[in-house]
Amino acid sequence: MNALVLWESTTPPLLTYTLPATVPTLTAPNAPAFAGTRDEALLSSSAAQTGALILLDLSTNVDQFGVGWLPGRLRDTKARGSSPLAVDSMYLVSPSHSVYVLTVPAVQWEPVFTETQLPPPSPPFPTPVTFVDSGGPTSISVQSVQLVRVAPAPALDFLVDNFIGSANPHPALARLTLPYGIEAFATLRKPHLAAPCGATVGYNRPQFPSEAVEGGYQISVRAVDPAAPDSPSLEGSTTQRKDKLLFSGVPVLERSVLDTDVDTIFNSYLGPGSPTAQVPVTRIDLSVMARVFLVIGSILLGMLLSVRPASMC
């Protein structure tokens, strides 16, 4: 569709648009319902296939960050009497709990080669194995009904300001991928006197005033625990996936790189519903070149000794 717009030279042009009185339903057929502030489905790896609209910066103007919008989340907003959609200047705006910042997977899931097999009766482990993918996008969403522009840069600014400049910060939900098929869901809460454990979220963008240059977009998420300042963990849960391995292009059923015994210990200790569930990450910097600082070694030792880590609040 093409359009030609003309105006008198003495009259300044004004371009604007309005939304229809009834917002159309954009969810995909058979898309699951999203409900509750702790709904991990919001940030699941299949979100883009169940009605989410995705915008990813490929120009490097926002350093390959993107933004996702889940119309399915607007049902909760309508129930609370808030406006689900609006226009701010030339931006579409929506409640922040339906908008999430995303970027490419934080960690590439690389092939794994087994040098030494366990002796019988342990079954041999296929080698080498590869992964179906790298786990899907890294996603973060602030759980608030405040309107945010549905665009990467404004959504990033809103996320950071929620933790740095907001007088009433809201928790954020994050979906992270960790090495070798590990998936994590974290709840990020700004620490305060009554709840000193939590997480900080901020930009990691060095400034060079004399050259008028600023570093690229990078988000730094850091766990905070005064009781374990050297090895804090993020609130949430972590799962070693057992449906992502390939051997010679054929799916390896119900096995992970940790194999059965260890991943059972891992998932029962760190997974959803466990009293010791957590995300064993002290810090993760999210950008095109992500950096992850893990405390999995000390967590595994704690699991084997059946000792709850001091980093748990």
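Between SER9 and GLN117, the modelled label-to-label distance comes to 8.4 nm, taking each label 7 Å out from Cα in the direction of the beta carbon. Sequence-ordered 3J(HN,Hα) estimates for segment 180-189 from the Karplus curve with 6.51, -1.76 and 1.60 and θ = phi - 60° stand at 6, x, 9, 10, 9, 10, 10, 9, 9, 10 Hz, glycine and proline given as x.
Could you tell me the calculated FRET efficiency between ILE54 and ASP88, based on Cβ-Cβ distance and R0 = 22 angstrom, to the nearest 0.05?
On the way: r = 21 Å, r/R0 = 0.94.
The value I calculate is 0.60.
Among residues other than GLY181 whose Cβ falls under 15 Å from its Cβ, what is the net charge (Lys/Arg +1, Asp/Glu -1)? Net charge around GLY181: -2. Within segment 90-203, all pairs of alpha-carbon atoms sorted by distance into 10 Å bins from zero give the percentages 13, 33, 25, 14, 11, 5, 0. Taking 7 Å steps out from each Cα toward its Cβ at ALA167 and ASN61 produces label points 3.4 nm apart.
Computed extension length for HIS192-ALA153: 11.3 nm, one decimal, from 0.36 nm per residue of separation with the Cα-Cα distance subtracted. Taking a ≥ b ≥ c as the square roots of the eigenvalues of the alpha carbon gyration tensor, segment 239-291 is oblate, as a/c is not under 1.5 and a/b does not beat b/c.
Since every read-out is calculated from the coordinates, none of them should be taken as a lab result. As the structure is a prediction and not an experimental result, all values here were calculated from the model. Don't worry about glycine lacking a Cβ; one is built from the backbone with ideal geometry, like all the others, and counts go over all protein chains shown.
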